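Colleague: This is the structure I have questions about; it appears just below.
The values are calculated or read from the model by the stated rules, or taken from the named source; none is laboratory data. Everything quoted here is computed from the prediction, not taken from an experiment. Backbone-built Cβ (ideal geometry, glycine too); neighbour counts: all protein chains shown. For accessibility, only protein heavy atoms count, side chains too; no ligands or nucleic acids. Shrake-Rupley method; radii C 1.70, N 1.55, O 1.52, S 1.80 Å.
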Amino acid sequence: MFNKREIDSRETRPVNPPKAQTPNSPATPQNSLRSSSLIAVIGASIQIDGAVKGDEDLLIQGVVKGNIELKKNSVTIGPQGKVSADIYAHTIFVEGSMAGHLIASDQVVVRKSARIKGNITAPRISLEDGAQFNGSIDMDPQAETLKKAFGQRSVTPVNPHSETSSSKAPSPNKVENIQQTKLAE
Amino acid sequence: MINASIKGLNPVTQVTVRTPLFKERMLSLGQAQRNVIIDLGPARSSTLAALHGTRCRVDIINLPELLSHYPFDSDSDALMQALSQRILLSDMEQVELVLCWTLLNYLDPIQLQELMFQLDKRLAPSAKIHALIGSSSTLLPKEPSAVCAEGYEHLLIESKEAPLYPSPGYSSGSLEKNMQGFKSERTMLLSNGMREYIFSRQ
């Protein structure tokens, strides 16, 4: 059905590694694809109307209208990819267009070129500034949507103590202009 | 640097300000309970990073994008209809915090009232609204600045153009008048001349 092929080290780069920085050292497409020896590719000239299910990683460069369920694998919407559907996967990378709900048990990575209309649910979400996004971003690891889709045990737990420098602790190198005056309350 | 930016002497304006009330609100988001937040700005990586580790959902409204489609002199009803669709697009899970950044400065009193009317449908009784408001002497860029959280302590306010336009200069009183049902709970003067507000229900 798809252009299935063995992946060598060069081919494991359907998209550039994410530049966005994210908590917990996010998986990259490269990393996620390495965990599986096979990747399915929906080419730019392919359009699928209907559900897609399977047990291998998937790169979408074409058009998919229908739900995608690859709950143990990664799904990448490439720069030319257009998806109108809900996607259930372990990890989802978006560089193209997406209309629907993205639900990942581990992580969703949204690149600057992405255009998303819909909701994202995942314990870890990174989004590059400049991405077009309208919808809601649910990072609650205990969200009902995740439990229904993957069950409690299948969701990757989030370590709240693994913040990056962009998180709670401000950088000591940041320019700081403090002239704080408390006004009458 | 800040004064030069405010006076429009430096076309590239990038100011980091310490925002104690923002920090206070972020720290109040517990890890034990689920929090729903409305972000009136566009989706930003820095906001998501700041919220990492909390059980939260963020509804992105992207008011700047709406304002670019419906400027001041256009049909205000159309803007509010589009705004309502985004606010009520998702389910009616109650919202605990609204992040307005500097965006309220770009709304006229009628638009501000309409925004509050639409938000009110989603807000929990204990909901808080965080906003940065310019004084009457503050100049603003034509387009809303990008505001990025730097951890919990600071906000980075970045403008692509010089701030040349006068702020509406909303006072606490005028804000409360136009944000019906809400009162100014706390306010702080920031180093860039803006005031940081937390509003809660009256």
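Colleague: Would you mind computing the Rg to Rh ratio of the stretch B:91-187 from its alpha-carbon coordinates, Kirkwood style for Rh?
Modeller: 0.97
Colleague: Something else now. Please list the non-local residues whose amide H lies under 5 Å from the amide H of B:VAL95, H modeled 1.01 Å from N, same-chain partners needing a gap of 5 or more.
Modeller: B:LEU123, B:ALA124
Colleague: Please report Rg over Rh for chain B, where both radii come from the alpha carbon positions and Rh follows the Kirkwood definition.
Modeller: Using Cα coordinates only, the ratio equals 0.93.
Colleague: May I pose another question? Read phi for every residue in the stretch A:58-73 and hand back ³J(HN,Hα) as whole Hz from Karplus 6.51 cos²θ - 1.76 cosθ + 1.60, θ = phi - 60°, with x for Gly and Pro.
Modeller: Computed from phi, the couplings for the stretch A:58-73 are 9, 10, 10, 10, x, 10, 10, 10, x, 5, 10, 10, 9, 5, 9, 10 Hz.
Colleague: Next question, about the same structure. Which entries of A:LYS117/B:LYS23; A:LYS53/A:LYS148; A:LYS112/B:LYS160 have Cα-Cα distances beyond 26 Å here?
Modeller: Distance filter (> 26 Å) returns A:LYS117/B:LYS23.
Colleague: Within a Cβ distance under 10 Å of B:SER159, other residues only, what is the Lys/Arg minus Asp/Glu net charge?
Modeller: My count for the surroundings of B:SER159 gives -1.
Colleague: So what are the ³J(HN,Hα) numbers for the stretch B:145-160, from phi and the Karplus equation (6.51, -1.76, 1.60; θ = phi - 60°), rounded to whole Hz, Gly and Pro as x?
Modeller: Taking θ as phi minus 60°, the curve returns 5, 7, 10, 10, 6, 10, x, 9, 7, 10, 10, 9, 9, 10, 10, 7 Hz for the stretch B:145-160.
Colleague: Only bridges whose two residues both fall in the stretch B:61-163 count here: according to DSSP, what percent of them are antiparallel, nearest 5?
Modeller: 55
Colleague: Here's something else I'd like to know. Roughly to the nearest percent, how much of the accessible area of the stretch B:38-140 is carbon and sulfur, given a 1.4 Å probe?
Modeller: About 53 percent, which is the carbon plus sulfur part of the accessible surface.
Colleague: Using modelled amide H (1.01 Å from N, peptide plane; none on Pro or chain starts), what sits under 5 Å from the amide H of B:CYS56, excluding residues fewer than 5 places away?
Modeller: A:MET139, A:ASP140, B:ASN35
Colleague: I would also like to ask the following. So what's the gap between the Cα centers of the stretch A:37-73 and the stretch B:111-127, to the nearest angstrom?
Modeller: The two parts, judged by their Cα centres, are 41 Å apart.
Colleague: Counting only DSSP beta bridges with both residues in chain B, what percent are antiparallel, rounded to the nearest 5?
Modeller: 70
Colleague: Average partner chain C-beta neighbours within 10 Å, per residue of B:37-46? Spell out each step's value before the answer.
Modeller: On the way: counts 2, 1, 2, 0, 0, 7, 14, 6, 13, 4.
Partner Cβ neighbours, averaged per residue: 5.
Colleague: Select from the stretch B:49-132 those chymotrypsin sites (Phe, Trp or Tyr not before Pro) which occupy a DSSP coil region and have at most 15 other Cβ atoms within 10 Å, ordered by residue number.
Modeller: Hits after loop and neighbour filter: B:PHE72.
Colleague: If you don't mind, there's one more thing I want to ask. Could you work out how far apart the two model spin labels at A:ALA99 and A:GLU56 are, taking each label as a point 7 Å from the Cα in the direction of the beta carbon, and quote it in nm?
Modeller: Each label point lies 7 Å from its Cα, and together they span 3.0 nm.
Colleague: So how far apart, in nm, are the two label points at A:GLN80 and B:GLN14 if each is 7 Å from Cα heading toward Cβ?
Modeller: Once both label points are built, they end up 3.6 nm from each other.
Colleague: Another one. Measuring from a point 7 Å past the Cα of B:SER126 along Cα-to-C-beta, which residues in the stretch B:90-109 have an amide N at less than 14 Å?
Modeller: B:94-97
Colleague: Along the Cα→Cβ direction, 7 angstrom out, place labels at A:ASP49 and B:LYS142. What is the inter-label distance in nm?
Modeller: Modelled inter-label distance: 4.6 nm.
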